[in-house]
Amino acid sequence: MLKWITILVALLGLGLTAYTVATSDDRIPTPPPAQAPSINPFGRGIASQGVIEPASRAVGLAAPEPGLIVEVFVRVNDTVKRGAPLFRLDGALLEAELPQRQAAKRAAEAEVARLRSLPRAEDVPPLRAEVADAAARLGEARWLLRRIEQANERNAATPDEVARRSFAVETAEAVHDAARARLDKLTSGAWEPDVRIAEAALARAEADLESLRMRLARLTVRAPIDGTVLRLNAEPGEFTSGGAASMSSVADAPMVLGDLSELHVRAQVDEEDTPQLRAGARAVARVRGAADVVVPLVMLRIEPFASPKMSLMGTTTERVDTRIVEAVFRVEGATTVRLYPGQVVDVFIETEASPRDGSSPGPGADRENR
């Protein structure tokens, strides 16, 4: 009996549940979105994603070579002029080579000066005396030769004695000529090829010294443009590997610089929308988190090169297997919200003339920037 009662109660509960579900009209209310979506304000337009950038683009400054950062001259938000020092690497090893290069240059200069000052006044008198001595010996040998030749005419000398005197004259003439040649070589100064070799050695020493000074100067990284320090990743005592190869992105640079005199927006237009893109088109941007703020844009240029999409915005519906064409706009006028370089905004570009005002949405203008 209890068994049948249990089955009956279960059937009654199941029927009551089915009746309740069938007759209930309550629905779970859909909560409103956390923020209003960005709406295309143009009747027909292109929706794209854009990135705020300085007028100069963000310039990532890398050290010219690996080294230890010993001094940082600026901080974030500092305004700098072109050529202003930003940070400096340790140059102790190069500075140790500087006296050696300077000494090598002085030695080369001294060698050139020595060659150009030849002959030395002290070297000439001994050679002149040597020439005079050789001339006197030559005169004596010639006199003895004449005497022996006269004796030979009177049969008072043998032919062998005449021959010996002749050879003595020739020897004295050779000694005299050698002394004269040494004197002429000395008085003519340094040999021109020797001077050119010494001058080339001096030029090399000067080039080595200048090269070292340039390397020392390059250890101080200077601002390539007038701009503002946007990001600082360098502090004294840190080591930087140097070069662009060490940076996977501009944000990884020891320092990021940009010209904030005006802001630009670089919009990524999907290749499927590029046929509708036209130069000089009107455009606006909406700031994420403040969709009611409309930022007017003025097109500066369309960069005529399609490239794979590399800059990802992180949205769930973002397409990555596509190519994009970049259009660059200038932010026109002041905005009620502050814009930061690197910030992502929604960009809407008009594709054809529309009778509606660009600040108010029209029918069919519900394309969100995804």
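Readers should treat all values here as calculations from the given coordinates under stated rules, not as data from a laboratory. Note that the structure is a prediction, hence the values are computed from the model and not measured. When we count neighbours, we look across all protein chains shown, and the Cβ atoms used for this are built from the backbone with ideal geometry, even at glycine.
The rule of thumb for compact globular proteins, 2.2 N^0.38 Å, goes into the C-alpha radius of gyration of segment 189-256 1.90 times.
Residue separation of ILE197 and ALA113 scaled by 0.36 nm, minus their Cα-Cα distance, works out to 29.0 nm of gained length.
Less than 11 Å from a label point 7 Å out along the Cα-to-Cβ axis of ARG218: which backbone N atoms in segment 64-104 qualify, by residue? Hits in segment 64-104 for ARG218 at 11 Å: 64-66. Taken over the Cα atoms of segment 46-102, the convex hull encloses 157 Å³ per residue.
For segment 131-270, the spread of Cα positions along the three principal axes, ordered from largest to smallest, is 124, 38, 26 Å. Distance between the 7 Å Cα→Cβ label points at LEU300 and ASN233: 2.4 nm.
Multiply the residue separation of ASN152 and THR17 by 0.36 nm, subtract the distance between their alpha-carbon atoms, and state the gained length in nm to one decimal. Don't jump to the answer; show the numbers that get you there.
On the way: separation 135, 0.36 × 135 = 48.60 nm, distance 16.57 nm.
Gain on stretching ASN152 to THR17: 32.0 nm.
Here the spin labels are modelled as points 7 Å beyond Cα on the Cα-Cβ line, and at ALA207 and ALA290 they lie 5.9 nm apart. Relative to the Cα centre, the charge distribution of the chain, modelled as +1 at Lys and Arg Cβ and -1 at Asp and Glu Cβ, gives a dipole magnitude of about 200 debye.
Partners of LYS81 within straight-line reach, counting aspartates and glutamates whose Cα lies under 15 Å from its Cα and excluding those fewer than 8 residues away in the same chain: ASP226, ASP259. When you count the other C-beta atoms within 10 angstrom of each residue and take the mean per peptide, 337-350, 153-166 line up highest first as 337-350, 153-166. Using the rule -39500 (n - 2.57) for each DSSP H run of four or more residues, divided by the residues of the chain, the 222 nm mean residue ellipticity is -13000 deg cm²/dmol. Model label points for LEU2 and ARG180, set 7 angstrom from Cα along the Cα-to-Cβ axis, are 15.4 nm apart.
Give me the mean projected area, in nm² to one decimal, of the convex hull enclosing the Cα positions of segment 211-288. Mind showing how you got there, number by number?
On the way: hull surface 38.1 nm².
The number I arrive at for segment 211-288 is 9.5 nm².
Protection proxy ranking, highest mean first, for peptides 277-287, 210-220, 64-74: 277-287, 64-74, 210-220, where packing is the per-residue count of other beta-carbon atoms within 10 Å, averaged.
Averaged over every viewing direction, what's the projected area of the C-alpha convex hull for the chain? Give it in nm², one decimal, please. Mean projected area of the Cα convex hull: 47.4 nm². Maximal additional length on extending the ALA96-TRP143 stretch stands at 9.9 nm, based on 0.36 nm per residue less the C-alpha distance. Shape index of segment 1-152: Rg/Rh, with Rg the Cα radius of gyration and Rh the Kirkwood radius from the inverse mean 1/r over Cα pairs, equals 1.76.
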